[in-house]
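Some notes on the structure that comes next.
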Amino acid sequence: MSVIIKRGKSPDIVTDPVATEAANDKLVAIKERFADWLWSEPARAQELAELYNEEYNSLVAREFNGDYLTTPGVSATWKWRPHQTRVIARIIQDGNTYMGHAVGSGKTSAMIGAGMEMRRLGLARKPMYAVPNLMLGQFTKEFYEQYPTARIAVADERRFHTSRRKQFIADAANADLDAIIITHSAFGMIPVSNEFQDGLIQEQLDQYRDLLEELGSDQDTRITRSRMEKQIERLEQRLSGKAGKRRDQVFTFEEMGVDFLFLDEAHMFRKLDFATKMSNVKGISPEGAQKSWDVYVKTRYLETINPGRNLVLASGTPVTNTMAELYT
């Protein structure tokens, strides 16, 4: 608080340091006296404490305990670490989960355990694990080390070669499997039906058109309008089939029977299109990547068949560039 004064007929206003210091001392004394009075009466103090706790201390982060897990089928030599059983319990109980564990903490083993437990409990019929290309062999090896009798389909270079790809997808669709393990690249080669994609593209078009209408015709919004109009044109081309990459169309992702996805190193798919009126704001780029769109479409499909229980994103680096990645 400052005390300001005018000197004589001068229009200038200045601060009176002596009066300001005295006023601030008095303000502190009033606050202290009010606090003493406020808490001096036990009944009033109790009532205020309850009101505060209801308003600000009523939300507590849920804690999970996986000590009850027996994980039938796991190797007799396998030993779970406490944080691994906790995250397995969380996935079983809560469904969709972000596994932000540090490198070397055993994310792979925890994902494998969670998938096998959900299969055993009937919470998932056919989990799929999408892993970085170079990790396919290591991931498969760890899977068999943990669960030696697991029924797994692995989309390695031989099985997912161009000449065998359609057969692999057909076999995986018709088999009773504990897991399908596939690389990020191969995952992107399995198409989602045009009908389902068209619905999501139309959603985006509606969002952009609504924002464009809100912008109006002000000169200040010219750059933003131009960007949105180009995005709308691109989406319309995609919707009409003029844009997009050719993919195998014998089997679609929907027909494979996958109902749960574990996406390892999920930060590699962080950049997704989104509609916004913000333009030229550092750290906010609404232009997305095709591979991120592909993952988005597949996860939206999984949400329709297994709501709230269809996705685990695993990554030790959740944010790599900007906070906008938390949204996209």
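The values are calculated or read from the model by the stated rules, or taken from the named source; none is laboratory data. Quick caveat, the model's predicted, so the values are computed rather than measured. Because the Cβ atoms are built from the backbone with ideal geometry, glycine has one as well, and the counts that use them run over all protein chains shown.
Suppose we filter Gln219, Gln249, Gln237, Gln231 for residues that are at pLDDT below 90, crowded, with 18+ Cβ neighbours inside 10 Å and either of a type outside the set (A, V, I, L, M) or not assigned by TED's automatic domain parsing to the domain that holds Met135 (or both); which single one remains?
Gln231
Are there strands (runs of 3 or more DSSP E) fully within region 81-177 with at least 2 residues that are under 23 Å from Asp259 (Cβ atoms) and touching a His at 6+ places or on another chain (Cβ under 9 Å)? List them.
127-131
Suppose we filter Lys242, Lys277, Lys282 for residues that are more than 30 Å from Lys126 (Cβ to Cβ), in contact with a Ser or Thr (Cβ under 7 Å, 6 or more places away or on another chain) and either charged (D, E, K, R) or at pLDDT 80 or above (or both); which single one remains?
Of Lys242, Lys277, Lys282, the one residue that is more than 30 Å from Lys126 (Cβ to Cβ), in contact with a Ser or Thr (Cβ under 7 Å, 6 or more places away or on another chain) and either charged (D, E, K, R) or at pLDDT 80 or above (or both) is Lys277.
Which of the residues that make up region 79-112 are touching a Gly at 6+ places or on another chain (Cβ under 9 Å) and closer than 17 Å to Phe143 by Cα?
Trp80, Arg81, Gln84, Thr85, Ile88, Gly104, Ser105, Lys107
Given the condition of a type outside the set (Asp, Glu) and in contact with a strand residue (DSSP E or B) (Cβ under 7 Å, 6 or more places away or on another chain), answer yes or no: does some residue in region 81-90 qualify?
Within region 81-90, one or more residues are of a type outside the set (Asp, Glu) and in contact with a strand residue (DSSP E or B) (Cβ under 7 Å, 6 or more places away or on another chain).
What residue, of Ala102, Ala35, is without any contact (Cβ under 8 Å) to a residue 40 or more places away in the chain and either more than 21 Å from Met128 (Cβ to Cβ) or in contact with a Leu (Cβ under 6 Å, 6 or more places away or on another chain) (or both)?
Of Ala102, Ala35, the one residue that is without any contact (Cβ under 8 Å) to a residue 40 or more places away in the chain and either more than 21 Å from Met128 (Cβ to Cβ) or in contact with a Leu (Cβ under 6 Å, 6 or more places away or on another chain) (or both) is Ala35.
Of Arg62, Arg81, Arg120, Arg90, which residue is of a type outside the set (Gly, Ala, Ser) and buried (at least 18 other Cβ atoms within 10 Å of the Cβ)?
Arg90
Checking the structure you have, find out if any residue of region 158-167 is touching a strand residue (DSSP E or B) at 6+ places or on another chain (Cβ under 6 Å) and assigned by TED's automatic domain parsing to the domain that holds Ala314.
Among the residues of region 158-167, not one is touching a strand residue (DSSP E or B) at 6+ places or on another chain (Cβ under 6 Å) and assigned by TED's automatic domain parsing to the domain that holds Ala314, which makes the answer no.
So, in region 153-202, exactly how many residues are at pLDDT below 90, over 16 Å from Tyr301 (Cβ atoms) and of a type in the set (Val, Ile, Thr)?
1
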